[in-house]
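**Student:** Below you will find the structure I want to go over with you.
Nothing in this text is a laboratory measurement; each read-out follows from the coordinates by a stated rule. Since the model is a prediction, treat every value here as computed from it, not as a measurement.
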Amino acid sequence: MDDLRDITARKASFFQTIKAVGASFFGVRGSRAHQADMARLNPIHVIIAGVVLAAVFVLTLLTIVRMVLR
């Protein structure tokens, strides 16, 4: 139970989480930065950011395809 509290009490802003997840989407995150992020990022924020960025990515692709097909 204490482990769960420790994990969710990590100190990183949601913007830092978005930045880390976005860099991971494109594979431009270095191993040193990845290790630092693992110590700071809240797993719940990472999941939320991943879902949001995946939705934005899909919507962007759909928009581009619709523009090309016109």
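**Student:** Return the label of the correct value of Rg and Dmax of the Cα atoms in Å, as calculated from the structure shown, out of (1) 11.1, 34; (2) 11.0, 31; (3) 15.4, 56.
**Tutor:** After the calculation, the listed value that fits is (3).
**Student:** Right, another one. Counting alpha carbon pairs within less than 8 Å and at least 6 residues apart, what relative contact order, in whole percent, applies to segment 2-69?
**Tutor:** 42 percent
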